[in-house]
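Any read-out appearing in this document is the output of simple, stated calculations on the displayed coordinates, not a laboratory observation. Treat the numbers as computed from the prediction; the structure is a model and nothing was measured. Here the Cβ positions follow ideal geometry from the backbone for every residue, glycine too, while neighbour counts run over all protein chains shown.
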Amino acid sequence: MSNTNNTITFPELIRLKRDGGQLTEEEIHAFVQGVKSRAIKDSQIGAMLMAIWLKGMSEKETLQLTKEMMKSGEVFDWSDEWVVVDKHSTGGVGDKVSLPLAPALAACGCKVPMISGRGLAHTGGTLDKLESIPGFKVNQSVQQVKQILLDIGCCIVGQTETLVPADRVLYALRDATSTVDSLPLITGSIISKKGAEGLNALVLDVKFGRAALYKDLDSARHLAQSLVTAGNNLGITTGAILSRMNAPIGRCVGNAVEVCEALECLKGRGPDDLNELVLTLGGYLLWISGHSPTLENGKNMILQKLMNREALKKFQAMLVAQGVTEDAAHSLCADDTDYFKHMKRAAHQTELKAQHDGTVLEIDGMAVAKVLHKLGAGRNEPGEKIDHSVGAEILVDMGQQVTKGQSWIRIHHNSPELYIHQHFDLQKALVFGSSDEFKTESRVAEFIHPR
Ligand code: IUR
């Protein structure tokens with residue numbers, strides 16, 4: 001970009017945003033193209049990101065940024081007859097919802113090309129969970145994705161090189177310039193990738209609470225509204241749920257143990273809160289994509305696919321299509337099975353005992369996740385190897401009366417023993433109170449509907 005033919009230069013563009021101005025469509029186009037082609041220096045991109053972080057972007061600018069990012073790479077184009085849907089979660093502890101949700105939606109007739117990520121820091125990634133299953137391949141070409149959608153209806157894969165290349169550059173520089181937590185930048189990043197997936201409908205699970213990116217309902221609602229607006233403006237029917245993320249979802253945290261719990265859910269034996277999220281997110285997608293006349297009816301459709309094992313059959317077929325042997329997939333999906341015959345089991349299991357009598361009021365998911373991370377379940381840098389067998393099983397329910405000495409958590413680890421500070425941090429995560437202090441809360445707090 002030069003000023004020889006009256007176009008604005010990059011330093012002028014940065015100054016415009018820095019001083020609170022609005023960028024035009026052409027200017028945003030030039031910026032994203034410059035990012036993609038690397039014609040703009042990293043220092044200039046960083047400065048623009050900080051200007052956007054400080055001054056924000058209007059709805060119009062955010063939409064343009066999202067569109068330009070989407071168009072920076074390949075945009076999938078599926079058959080007109082398909083109803084293509086997906087879910088995106090802002091990340092939580094024990095969040096294995098995608099694993100039962102994708103096959104349940106496929107069993108209802110939707111096409112689900114789920115593009116997922118890997119875990120970083122305390123958050124787990126769906127791809128890491130699936131890689132606990134020997135043979136599972138997350139890297140599939142567009143042609144392979146198309147074939148799996150045609151044959152089965154769902155797949156869970158990693159992002160291809162050609163999808164939204166501008167996001168790869170921007171995300172790395174956001175990380176390096178402390179500009180990750182900017183509403184327009186998060187919106188552009190998430191919705192551009194969903195747009196490139198060629199979706200008809202999208203549901204967002206925006207989490208709030210102690211173990212979430214956003215700690216309070218208000219800030220989560222702001223993010224959800226920005227995502228929903230951009231998604232709908234892009235032509236994807238988009239809605240969101242705001243869900244509570246304090247205690248881990250379900251009873252298992254860690255890659256292999258979460259796969260076991262997801263399989264239990266697919267066998268109709270999942271924990272209540274996981275079931276609630278799968279039914280609500282799935283039912284919501286069926287409703288907004290026109291597969292169901294109401295949300296309630298949509299939830300019932302998903303429930304039926306879990307109870308009659310049609311979702312499980314889809315999952316089994318997806319495992320085979322993505323590289324797992326027929327024998328292992330069949331055995332993992334069998335009614336009575338030893339999951340650890342096929343997935344690596346950690347060398348040690350240590351149970352911690354409750355130190356008082358009392359009612360379980362809360363289990364701090366973030367504290368549990370941090371200990372597991374140190375034990376090898378998570379990574380500090382992208383690309384780092386992780387230990388899929390590290391995890392935790394929570395042995396008590398919220399609101400349960402426990403007695404001193406009762407086991408409340410089982411840690412799966414390969415280190416010879418847990419350090420004293422790890423015992424301490426885990427014990428602190430279990431919050432006791434009296435039974436009248438406990439109140440049952442559903443995971444789902446609010447909906448933001450398409451508009
Ligand atoms: N996930 C994304 O894909 N993009 C983001 O900016 C964030 C999470 I934060």
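Among all positions in segment 186-196, there is no residue which is more than 11 Å from the ligand (Cβ to nearest atom) and over 17 Å from Lys67 (Cα atoms). Filter segment 317-371 for residues that are part of a helix (DSSP H, G or I) and touching a His at 6+ places or on another chain (Cβ under 8 Å); which is surrounded by the fewest Cβ atoms within 10 Å (Cβ to Cβ)? It comes out as Ser331. Only one of the listed residues (Ala220, Ala230) is under 23 Å from Ile363 (Cα atoms) and crowded, with 24+ Cβ neighbours inside 10 Å. That residue is Ala220.
Might you check whether a residue that is under 29 Å from the mean Cα position of the chain (by Cα) and among the charged types (D, E, K, R) occurs anywhere in segment 421-434? Scanning segment 421-434, I find at least one residue that is under 29 Å from the mean Cα position of the chain (by Cα) and among the charged types (D, E, K, R), so the answer is yes. Scanning segment 142-161 for residues that are surrounded by 14 or more Cβ atoms within 10 Å (Cβ to Cβ) and part of a loop (DSSP other than H, G, I, E, B) yields Ile152, Gly153, Gly158, Gln159, Thr160. Note on segment 184-216: residues that are within 14 Å of Leu63 (Cβ to Cβ) and basic (Lys, Arg) amount to 1.
Of the residues making up segment 138-159, those that are in contact (Cβ under 8 Å) with a residue 24 or more places away in the chain, under 26 Å from Val32 (Cα atoms) and either within 16 Å of the ligand (Cβ to nearest atom) or among the hydroxyl-bearing types (Ser, Thr, Tyr) (or both) number 3. Could you please find all residues in segment 160-180 being touching a residue at least 40 places away in the same chain (Cβ under 8 Å) and either of a type in the set (A, V, I, L, M, F, W, C) or within 12 Å of the ligand (Cβ to nearest atom) (or both)? Passing the criteria: Leu163, Val164, Ala166, Asp167, Val169, Leu170, Leu173, Arg174, Ala176, Thr179. Pull out all pairs, ordered by first then second residue, where Cβ-Cβ is under 6 Å, the residues are six or more apart or on different chains, the first lies in segment 199-217 and is in contact (Cβ under 8 Å) with a residue 24 or more places away in the chain and within 12 Å of the ligand (Cβ to nearest atom), and the second is among the aromatic types (Phe, Trp, Tyr) and part of a strand (DSSP E or B). Close Cβ pairs (under 6 Å, with a partner that is among the aromatic types (Phe, Trp, Tyr) and part of a strand (DSSP E or B)) amount to Tyr214/Phe208. If you go through segment 76-129 one residue at a time, how many are more than 17 Å from Glu276 (Cβ to Cβ), within 13 Å of the ligand (Cβ to nearest atom) and not in a helix (DSSP H, G or I)? Total satisfying the criteria: 13.
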